[in-house]
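Trainee: Mind looking over this structure? Questions follow.
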Amino acid sequence: MFRLFLSAWLLLLCCVSFAKGYKGKVFEVADNGEKLPVPGVNVVVKGTQIGTVTGANGQFILDTDVKNVMLVFSYVGYHKVEVTPNDPNNITVQMVQGETLDGVTISKRRKSTSFSRVNPIQSQKVSGAELTKCACCNLSESFETNASVDVSFADAVSGAKTIKMLGLSGKYSQMMVENIPALRGAQNSYGLEYIPGTWMQSIQISKGTAAVKSGAESITGQINVELKEPDGEEKGSFYMYGNQDGKMEWNANYAMKLSEHWSTAFFAHYEDTYREMDNNKDGFLDRPVTRQSNFYNKWKYKSDFINWKVGLSYMEETRNGGQVNYDHLLEPDQQEVYGIGLESQKMNVYSKLGFIFDRKNTSLGLVAKYDYYTRDSFYGHQYYDIDQSNIYGSVVFQSYLFNENHNYTVGANYVNDQNKNQVQFSNDNSLQDVGFDEEVIGAYLEYTYAPTDDITFLAGARYDHSSLHGSYWTPRLHLRWAFNSSSTIRLSAGKGYRTPQAIAENSRYLASAKVWHFDQADPIQEEAWNFGASLINNWHLWDKPLTLSLDFYRTEFKNQMVVDLNQSPYDLYLYSLDGSSFSNSFQIEARYEPFERFELTTAFRVNDVEMTFKEVGLKEVPMMAKYKGLVSASYSTNMRKWQFDLTAQFNGAQQLPTSEGRDPVYQQPSESPAYTVLMAQVTKNYRAWSFYVGGENLTNYTQDNPIIAANDPFSSKDFDAAQVWGPIYGRMFYFGIKYAFDY
């Protein structure tokens, strides 16, 4: 496997990434004369939608093909900073609150999470500073302080986590890494834990349909993870993490500048959860014993006309769980004790090649990716094996018509998914082949019209042909209007398509005695419209910055794979939608800095998610919270020597699957109770060292009996470990150490 991985990497060392770079640092001068970095400053190429945000060290890297630019450093309510760089690789900007120095305006430190004012698609950037507010061990844990994305356990035995956005499962939100589609198919269940938090530079979260150049699969949104750069802010670091539940984690990364044009970075991750816990005394481990090894190497070449990025990664993971007296050295069929086991391997190679032309805003890009994933798993006496590969290729050309107010992007994509999946249910002694292969080739055109800095209109359409579903069109529209100096409104509408994997995306129900029923053998194509509107206001309250965001999104399915848990507590039905299915999501979010270095975020979201089920008709979708509230506070002392973070999540009731017909001992109410989760962390920073301690689920709230019929997993048809709606283990404390050294 590793030889194949290495060969694929060497083969792809002939392609790669985009854009001329501008690099610099933004700082302010403290009373004692020390230069302090300013994170979160918005950096935009004037007259375009190209921009970035300064990182935790005040540094920024802006990849763009635009030459002779003027960079704008801005924050609503303050004067703009406009700088024409003399040296694109050494830009320094001093910020002085409320003053102007030699015609250069000064901004103020922005929050660690910010809304874009220039992107026509509503997008929120989670910076590295935000990721340090809690123990962000991997991607799944990076949303704990975010109001838009929910994270929860999929079941009570495997430790798998799932996300939800706009009231729908994360499978309807397109996952991207380095702006390349990622975590596809079977990786959707566990892939969030395959990206260590210490590798991430930032996360961009956009709601609603994304741009058509990313493909047709984005229905409710897009999450893009940017990994740390070889020539970025951090030369190297070492992290160690541990918690009272017996998890230890080590991370190391090191970046090297090899020459004027070449740089590389190495990342290593190892984690080991060795402690066997059964705090609720139900006879099952509260979380599996897990070991993961992960390696990533990134190369970067940058010149005036050609830029190149190439990366390769390799991951191995083992998860063993089930009843506390299960012996994982024996075969599952040799014992009548319930166990689960998963052996996973993943490798990925990607390449991005960019050619920059003398004409402004004009470039040609080539992207190639190969991803391989395999998982052998068992849940009691049920077996599920996955062998999945994905090939992705893209060519994109961007330029403008007449003048720089009329920009266009044209391109083509190729996707090849090979899914070799085999399943054996406990009521069937034979292996069933449930895999499928699909090829999709498509072309697209995007047009962006920006007559002024305040108005942007983005229209796109793509045409795809699938080997399974034939041809289809994907139209998408986005409008942005900053109608005054503090308010921006966005409207969006678009369509999305995806091919679901019936068992891979619902593998958590293998941890139950449910009997699976399929209405059709061939995979269907899901089809949905998404409509959205958002309003962002940046005001001042008592002379302090306040950002208020309101948004509403509606998703309407024309076709969908229905996962029906309402006909019977002992059966799982999967079939095509016959009727209506929709999700309405309304969210209000406020970010305020009542005094210096204190950030306060409050948010509240209401979800209305309904689907037409056979036998019962239109009904609320189970396991979807009706509302969610969030309050997050962060305070840092002068020069950030100490940082204090506190987050409270208020989780609303969820409709539960039917329990009618169960043994009365195992019957459940029609909906779960609402509950609150509290998290806190204290960080002490030195010049190169950081030490932090924290706690999760400080309210010590846990779901009663997360495993139904845990005392009889094989004989009882009531056994079910997949009806998890709340925390499955209680209060947990952790600690961490970081050592970082910069250029």
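Values in this text are rule-based calculations from the coordinates and carry no lab data. Here the structure is a predicted model, which means the values were calculated and not measured. Heads up, the Cβs are rebuilt from the backbone with ideal geometry, glycines too, and the neighbour counts pull from every protein chain shown.
Trainee: Pairs of alpha-carbon atoms within less than 8 angstrom and 6+ residues apart define the contacts here; what relative contact order does segment 153-260 have, in percent? If you can, show how the numbers build up before the last one.
Mentor: Working: 157 pairs, mean separation 25.0, N = 108.
It rounds to 23 percent for segment 153-260.
Trainee: Could you state the per residue volume, in Å³, of the convex hull enclosing the Cα atoms of segment 639-696? The partial results should precede the final answer.
Mentor: Numbers: hull volume 6.6 nm³, N = 58.
Per-residue hull volume (Cα only) is 113 Å³.
Trainee: Output the pairs from LYS161/LYS369; LYS352/LYS641; LYS46/LYS133; LYS558/LYS626; LYS298/LYS626 with a Cα-Cα distance over 30 Å in this structure; if there are none, say none. Show your work: numbers first, answer last.
Mentor: On the way: LYS161/LYS369 25 Å; LYS352/LYS641 39 Å; LYS46/LYS133 32 Å; LYS558/LYS626 23 Å; LYS298/LYS626 42 Å.
Over 30 Å Cα-Cα: LYS352/LYS641; LYS46/LYS133; LYS298/LYS626.
Trainee: Follow-up. Kindly rank 454-462, 429-437 from highest to lowest mean number of other beta carbons found within 10 Å of each residue.
Mentor: On the way: 454-462: 18.9, 429-437: 13.6.
Highest-to-lowest ranking by the protection proxy: 454-462, 429-437.
Trainee: Counting DSSP beta bridges in the chain, what percent are antiparallel, to the nearest 5? Kindly include the intermediate steps, with their values, before the conclusion.
Mentor: Values: 320 of 334 bridges.
Antiparallel bridges: around 95 percent, rounded to the nearest 5.
Trainee: Of LYS207/LYS614; LYS25/LYS257; LYS228/LYS738, which ones are farther than 21 Å apart at the Cα?
Mentor: Working: LYS207/LYS614 30 Å; LYS25/LYS257 18 Å; LYS228/LYS738 16 Å.
Beyond 21 Å between Cα atoms: LYS207/LYS614.
Trainee: Highest mean first, how do 603-609, 718-724 rank when packing is the count of other Cβ atoms within 10 Å averaged over residues?
Mentor: On the way: 603-609: 19.6, 718-724: 25.0.
Order by mean packing, descending: 718-724, 603-609.
Trainee: Counting Lys +1, Arg +1, Asp -1, Glu -1, what net charge surrounds GLN655 among other residues with beta carbon under 11 Å of its beta carbon?
Mentor: Numbers: positive: LYS619, LYS626; negative: GLU610, GLU620, GLU671.
With Lys, Arg at +1 and Asp, Glu at -1, the net is -1.
Trainee: Follow-up. When only C-alpha pairs under 8 Å and at least 6 residues apart count, what is the relative contact order of the chain, in percent? Intermediate values should be presented prior to the final figure.
Mentor: Working: 2112 pairs, mean separation 80.9, N = 743.
Here the relative contact order equals 11 percent.
Trainee: Using the alpha-carbon atoms, what tilt in degrees (0 to 90, nearest 10) does helix 2-11 show relative to the longest principal axis of the chain?
Mentor: Roughly 30 degrees between the two axes.
Trainee: Once you have the Kirkwood Rh of segment 197-342 from its Cα pairs, apply Stokes-Einstein at 37 °C and 0.692 mPa s and quote D in µm²/s.
Mentor: Numbers: Rh = 18.8 Å.
Answer, rounded: 174 µm²/s.
Trainee: Quick check on the chain: helices-only [θ] at 222 nm, where DSSP H runs of length 4 and up contribute -39,500 (n - 2.57) each and the sum goes over total residues. Nearest 500, please. Before the final figure, lay out the partial values.
Mentor: Values: 2 runs with 14 residues, N = 743.
Counting only the DSSP helices, I get -500 deg cm²/dmol.
Trainee: Order these peptides, 583-593, 176-186, 541-551, by their mean beta-carbon neighbour count within 10 angstrom, highest first. Before the final figure, lay out the partial values.
Mentor: Values: 583-593: 19.7, 176-186: 22.1, 541-551: 15.8.
Per-residue mean Cβ counts within 10 Å order the peptides as 176-186, 583-593, 541-551.
Trainee: Run a plain Debye calculation on the chain (Cα atoms as equal point scatterers, no solvent) and give log10 I(q)/I(0) at q = 0.08 Å⁻¹, rounded to two decimals, same order as the q list.
Mentor: Listed by q, the Debye log ratios stand at -0.63.
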